[in-house]
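The values are calculated or read from the model by the stated rules, or taken from the named source; none is laboratory data. Computed from a predicted structure; not experimentally measured. Counting neighbours? That spans all protein chains shown, and the Cβs are built from the backbone with ideal geometry, glycine included.
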Amino acid sequence: MIDLRPTLVLALGNPLRGDDGVGAAVLAYLENCVLPPGVTLLDGGTPGLETALIIRDYGRVIIIDAAEMGTAPGTWRRFSPSHGHLREDQEALRGTLHNAGLAEALALAQALGILPSEIVIYGVQPEIIGWEPGLSDPVRAVVPQIGRKITEHWEAFTNGQDSGSG
Amino acid sequence: MAVERMTVDVHHLTRVEGHGNIVVDVVNGELKQCELEIVETPRFFEAMLRGRPYEESSHITSRICGICAVGHATASLRATEKALGVNPSPQTVLLRKLNFHGEILDSHILHAYMLVAPDFLGVGSVIPLAKAAPEVVLRALRMKQVAGDLCKIICGRHTHPIAMTVGGFTHFPLTSELEALHKRLVAMRTDVDATVELYSQLPIPAFERDTEYIALHKDDEYCFIDGVIKSTDGGEWPIEDYRKVTNESIVKHSSAKHTHNQRDSYAVGALARFNVNYDQLHARAKTAAAAMKLKPKVIKPFYNTAAQVVEIVHCLEDAISLTEQILKMGVRAEEPVPIARRSGEGVGACDVPRGTLFHNYVIDKGRVVGANCIIPTGQNLANIEADMRALVPTILDKSQADITHMMEMLVRAYDPCISCSTHLLNVKFE
C-alpha cells in the first residue's frame, strides 16, 4: 500500500559547532534531490520543547543529528526513539526546562498524545563538537551516504515497501 | 504544642533555573535557621568582558542566560551606547521594544505553565500535566511558539540574538513577516484570555508580607527598557545611580550577592513592576488584573506569577500595537548609528522577566576595561529569605512535607534564575 503520510525531514544541531552541523549538511544534500510529494525539509537548529508542535502535523518524521554513541567518528545508525536509544534528562523535565532538547520534546509530545506514528533518527557519531564551523573529514564523508539512504527510505515508502522499522 | 524539632532540607530545588537549596531549622517553635543557599558556581562574565572589543559585549553577555538572552543583549547595548554617545533611531527603539515583548511572553508562559502550574494542579512536572490536561500544555506551547517566532523575525533567534548591534540592527523584518506575525498575535488573544481564566481559578496562597518593590519606570509607558529606578517606598533614581539602590553585600551561604535599599531587602520582577507601574498597564491588562483580584500594592509574593499573567496580557496588546506602528511606518534597512567616541562609561538597564537588570561598562579606546552586571535574582534573594522567615512560623502546624512544598512554591514564585545571579568574584568561607 502506498504511504502518503506527510513526512518531515528535521535536521538538528548547530553548524557553528563543527560536526554538530551534520544534520544541516545532510539537509543541504537533500535540497538538491527530487523530493516526493508530501516531504518537507526543515532545519530545526537547536530544539526546545516547541519541537513537539513542529512534528505533530506529520505522520512520519526523519531526524538527523549528531549523536554520541561511543563509536568511530563518522559511523552512523538509523534507529527509532522507542528503542530506548534516547535518554531524556530527568532533571530537565522535573527541573529547569531551561535545557530541554529533543528527548524532552519527544517525551512531551508522547504525553500530549501528538507524537507522530513513525520517528526515525539518523544519528551520526561526531569527531569534534568544537567552536568553529565545518565538519571533520570522517563526518563529511558520510553525508552523501546518509542523504542517499534517506531518499531510498522515502522511495521505499512511496512504493509501499517500507516497514517503517529502523 | 510546638513540635520539638522541624527541619526542611531541599537539596537542589526543582523547577527553577540553576542550583539552590532551602534549609530551615525550627527548634521548639523557634526559627533557628532559614536560608536559601545558592550553590551555583560563579560565572565570571564580568572578567570575560575585560579586554574585549565593545562590539562583542552584547554577544558575550547574552550567554549569561538562555531565557533572558534578549534582555541581557538589550541592557548590554544600552550600556555601550551610553558610554560611546550613541542615540538609536526611533525605528530601532520600536523594534527593540517589540523584540523584548517576545522574550517576556516566552519566559512568563514557561514559568506560569511549565514551572508553577504543576504545583496547583497536583502533579510533579509538566509531563504528567501534559497527560492530565493536554489542552493546557498545548496552549502554552502554542503561545511560546508565537513568542519565539516574534524574536526570530526581529533578531534572528530568541536565544543569543544575532541581529542586535550597537546603534541598531543588522537585519530587518520583511513586511510580509510582520503582517503574518500581526495575525498570529491577534489570534493569540484567545489563548491569553484562557490563561487569565486559569490563573483566576488557581488557589494561590494568600500569604502576605509588606516589602519594598523596585522597578524601572516611565510616565508614558509600562517600562521595560531605560527609564528611571522607582520604589514603592518612595524615591526615584537615575539608572546611573543603581549602586545607591542595590547596595550589594556578601553573605556566607550564597555564591550570589544580596542587596538592600531602604529596608533589609527589596523585590524586583513582575509583581514589583505591577506595583510600581500599574497606571501604565494596557486597559486589557488592568481588566485581567481585576479578574485575578490584583490591585496595587499587592504584597503577596505567591502572586508574582499572577502579575506575570497580567504582563502576558499587556505585552501581547503592546506587541500588536507596536507591530501595527512599525508596519504603518514601513521598515527601512538603516545602518546602525555610529559611535561618537571610543572611550566612556555607561549604564544600561532593562526590566527583564525576573526584574531589573543593570549592565555597567567602562570602555577605553574601543575595549571594555571594566564591567559590572547586577542580575534580578540576586536582588530578590534577601527578600525571598525574609518571606521564608515570615512564612515558616505561620505554617508550623502543617506536615513537614507540606511545609517543604510550600517553601519550594514560594521560591519558585519568584521565578529565580540562579545561574544568572552568581557573579560573585570573592568568596570567603569561615
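Please go through the range B:318-348 and pick out each residue that is surrounded by 17 or more Cβ atoms within 10 Å (Cβ to Cβ) and touching a His at 6+ places or on another chain (Cβ under 8 Å).
Of everything in the range B:318-348, those that are surrounded by 17 or more Cβ atoms within 10 Å (Cβ to Cβ) and touching a His at 6+ places or on another chain (Cβ under 8 Å) turn out to be B:318, B:319, B:320, B:322, B:323, B:347, B:348.
Of all residues in the range B:355-387, which are in contact with a Cys (Cβ under 8 Å, 6 or more places away or on another chain) and either surrounded by fewer than 23 Cβ atoms within 10 Å (Cβ to Cβ) or not in a helix (DSSP H, G or I) (or both)?
B:356, B:357, B:358, B:359, B:360, B:375, B:385, listed by residue number.
Please find, within the range B:58-70, the residue that is farthest from the other protein chains (Cβ to nearest Cβ) out of those that are in contact with a Pro (Cβ under 7 Å, 6 or more places away or on another chain) and at pLDDT 90 or above.
B:70
Please verify whether the range B:86-104 includes one or more residues that are touching an Asp or Glu at 6+ places or on another chain (Cβ under 9 Å), under 26 Å from residue A:47 (Cβ atoms), among the hydrophobic types (A, V, I, L, M, F, W, C) and within 14 Å of another protein chain (Cβ to nearest Cβ).
no
From the set of residues in the range B:115-139 that are under 22 Å from residue B:104 (Cβ atoms) and without any contact (Cβ under 8 Å) to a residue 40 or more places away in the chain, which is surrounded by the fewest Cβ atoms within 10 Å (Cβ to Cβ)?
Filtering first and then ranking leaves B:138.
Which count do you get for residues in the range A:115-124 that are crowded, with 18+ Cβ neighbours inside 10 Å and either more than 13 Å from the chain's Cα centre (by Cα) or within 14 Å of another protein chain (Cβ to nearest Cβ) (or both)? Give the steps one after another, and end with the answer.
Of all residues in the range A:115-124, those crowded, with 18+ Cβ neighbours inside 10 Å come to A:115-116, A:118-124.
Of the ones still in play, those that are also either more than 13 Å from the chain's Cα centre (by Cα) or within 14 Å of another protein chain (Cβ to nearest Cβ) (or both) are A:115-116.
Summing the residues that are crowded, with 18+ Cβ neighbours inside 10 Å and either more than 13 Å from the chain's Cα centre (by Cα) or within 14 Å of another protein chain (Cβ to nearest Cβ) (or both) in the range A:115-124 gives 2.
Pick out, from the range B:115-220, the helices (runs of 4 or more DSSP H) lying fully within it that include 3 or more residues that are modelled with pLDDT under 95 and either of a type in the set (A, V, I, L, M) or on the phi < 0 side of the Ramachandran plot (or both).
On the way: elements: B:117-120, B:126-132, B:134-155, B:175-187, B:189-201.
Once the helices (runs of 4 or more DSSP H) in the range B:115-220 are filtered for at least 3 residues that are modelled with pLDDT under 95 and either of a type in the set (A, V, I, L, M) or on the phi < 0 side of the Ramachandran plot (or both), what remains is B:117-120, B:126-132, B:134-155.
Let me confirm something: among B:165, B:159, B:175, which residue is closer than 30 Å to residue B:56 by Cα and surrounded by fewer than 15 Cβ atoms within 10 Å (Cβ to Cβ)? Don't jump to the end; show me each part of the working.
On the way: B:165 fails: surrounded by fewer than 15 Cβ atoms within 10 Å (Cβ to Cβ); B:159 fails: surrounded by fewer than 15 Cβ atoms within 10 Å (Cβ to Cβ).
Of B:165, B:159, B:175, the one residue that is closer than 30 Å to residue B:56 by Cα and surrounded by fewer than 15 Cβ atoms within 10 Å (Cβ to Cβ) is B:175.
Taking the range B:114-143 on its own, how many of its residues are within 16 Å of the chain's Cα centre (by Cα) and either charged (D, E, K, R) or more than 9 Å from chain A (Cβ to nearest Cβ) (or both)?
1
For residues in the range A:33-92 being within 14 Å of another protein chain (Cβ to nearest Cβ) and out of contact with any helix residue (DSSP H, G or I) (no Cβ under 8 Å at 6 or more places or on another chain), which is modelled with the lowest pLDDT? Step through it out loud before you land on a result.
Step one: list which residues in the range A:33-92 are within 14 Å of another protein chain (Cβ to nearest Cβ), which gives A:42-57, A:88-92.
Subsequent filtering for residues that are out of contact with any helix residue (DSSP H, G or I) (no Cβ under 8 Å at 6 or more places or on another chain) retains A:45-46, A:54, A:57, A:90-91.
Values: A:45: 80, A:46: 74, A:54: 89, A:57: 87, A:90: 48, A:91: 45.
Applying the filter and picking the extreme gives A:91.
Is there any pair with a first residue in the range B:156-178 that is acidic (Asp, Glu) and a second that is surrounded by 19 or more Cβ atoms within 10 Å (Cβ to Cβ) whose Cβ atoms are under 8 Å apart and which are 6 or more apart or on different chains, and what are they?
B:177/B:153
Could you list, in sequence order, all residues of the range B:24-45 that are without any contact (Cβ under 8 Å) to a residue 60 or more places away in the chain and among the β-branched types (Val, Ile, Thr)?
Pass one, the range B:24-45, residues without any contact (Cβ under 8 Å) to a residue 60 or more places away in the chain: B:25, B:27-28, B:30, B:32-33.
The one that is without any contact (Cβ under 8 Å) to a residue 60 or more places away in the chain and among the β-branched types (Val, Ile, Thr): B:27.
crowded, with 24+ Cβ neighbours inside 10 Å, in a helix (DSSP H, G or I), modelled with pLDDT under 95 and under 19 Å from the mean Cα position of the chain (by Cα) - does that describe any residue in the range B:79-97?
Within the range B:79-97, not a single residue is crowded, with 24+ Cβ neighbours inside 10 Å, in a helix (DSSP H, G or I), modelled with pLDDT under 95 and under 19 Å from the mean Cα position of the chain (by Cα).
Applying the selection to the range B:282-313, what residues are under 16 Å from residue B:215 (Cβ atoms), assigned to a loop (DSSP other than H, G, I, E, B) and not basic (Lys, Arg)?
B:294, B:296, B:298, B:299 - these are the residues of the range B:282-313 that are under 16 Å from residue B:215 (Cβ atoms), assigned to a loop (DSSP other than H, G, I, E, B) and not basic (Lys, Arg).
Can you confirm whether residue A:9 is away from chain B (no Cβ under 14 Å) and either buried (at least 22 other Cβ atoms within 10 Å of the Cβ) or assigned to a strand (DSSP E or B) (or both)? Don't jump to the end; show me each part of the working.
Working: away from chain B (no Cβ under 14 Å): yes; either buried (at least 22 other Cβ atoms within 10 Å of the Cβ) or assigned to a strand (DSSP E or B) (or both): yes.
Answer is yes for this residue.
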